[in-house]
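Here the structure is laid out as structure tokens; the discussion comes afterwards.
The values are calculated or read from the model by the stated rules, or taken from the named source; none is laboratory data. Note that the coordinates shown come from a computational prediction; the quantities given were computed from them, not determined experimentally. Virtual Cβ from ideal backbone geometry, glycine too; neighbours counted across all protein chains shown.
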Amino acid sequence: MQIIITGHSLPGRDCSETATFEGRSNIHVGVQRRGKPHEILDLVPGDTETARWELATNLERKPGPWDILGPYIQGKPGGRFIYLSWVTVSEDQTFEMFRRAKLMLDAIPEHVVDEADGSGVLHGDLGLTDAAAKPLCAAIRPPTITWTSSPY
């Protein structure tokens, strides 16, 4: 099964400092590989109109609950998630992670998983800026993310 994550409403390349947030510049976001926090798939600048990541995964249906596995799927059975990692990129193209959003897969409605199993596609759509106009972080569940079995 393919998981497609589409992000919109990105926060911009620069975020100003506040009492609870250290200012950042040249912000990018990408999907973090499991067990390799310095390996991020398809870094996208924070001022991009939309971001899209495509992940090859396996949906396993054994006796008991379903499970999703793949190189970009984090966590243990029953608590799987995808990390969207926010980084600053330096002039020499190295990056420093400063924030992450956890797209919680256990929050996907069962009927959507069933439909995605048939279509081969699970699509998550979300805005990537929080209420304070900063890069989205924390555990993300519906309604912040919308999960469907459609590729768009």
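Residues in the stretch 1-44 that are among the acidic types (Asp, Glu) and closer than 16 Å to LEU84 by Cβ were compared, and the one that is farthest from the chain's Cα centre (by Cα) is GLU39.
State whether one or more residues within the stretch 101-110 are under 13 Å from ILE40 (Cα atoms) and either surrounded by fewer than 20 Cβ atoms within 10 Å (Cβ to Cβ) or among the β-branched types (Val, Ile, Thr) (or both).
No, every residue in the stretch 101-110 fails to be under 13 Å from ILE40 (Cα atoms) and either surrounded by fewer than 20 Cβ atoms within 10 Å (Cβ to Cβ) or among the β-branched types (Val, Ile, Thr) (or both).
Every condition in (1) under 20 Å from HIS123 (Cα atoms); (2) among the hydrophobic types (A, V, I, L, M, F, W, C); (3) assigned to a strand (DSSP E or B) holds for LEU10 except the one numbered (3). Mind listing whichever residues of the stretch 80-126 are of a type in the set (Val, Ile, Thr) and assigned to a loop (DSSP other than H, G, I, E, B)? Passing the criteria: THR94, ILE108. Applying the set (1) within 23 Å of SER9 (Cβ to Cβ); (2) surrounded by fewer than 18 Cβ atoms within 10 Å (Cβ to Cβ); (3) without any contact (Cβ under 8 Å) to a residue 40 or more places away in the chain to GLN93 leaves exactly one unmet item: (1).
Contact annotation: residue pairs with Cβ atoms under 6 Å, 6 or more positions apart or on different chains, pairing a residue in the stretch 135-152 that is touching a residue at least 24 places away in the same chain (Cβ under 8 Å) and farther than 11 Å from ILE5 by Cα with a partner that is assigned to a loop (DSSP other than H, G, I, E, B) and of a type outside the set (Ser, Thr, Tyr), are PRO135/PRO11; LEU136/LEU128; LEU136/ASP130. Could you list all residues from the stretch 30-79 that are in a loop (DSSP other than H, G, I, E, B), touching a Phe, Trp or Tyr at 6+ places or on another chain (Cβ under 9 Å) and either under 24 Å from PRO109 (Cα atoms) or at pLDDT below 95 (or both)? Answer for the stretch 30-79, where residues must be in a loop (DSSP other than H, G, I, E, B), touching a Phe, Trp or Tyr at 6+ places or on another chain (Cβ under 9 Å) and either under 24 Å from PRO109 (Cα atoms) or at pLDDT below 95 (or both): ARG34, THR57, TYR72, ILE73, GLY75. Of the conditions (1) within 22 Å of HIS28 (Cβ to Cβ); (2) touching a residue at least 12 places away in the same chain (Cβ under 8 Å); (3) out of contact with any strand residue (DSSP E or B) (no Cβ under 9 Å at 6 or more places or on another chain); (4) not small (Gly, Ala, Ser), PRO65 fails just one. Which one is it? The single condition PRO65 does not satisfy is (1).
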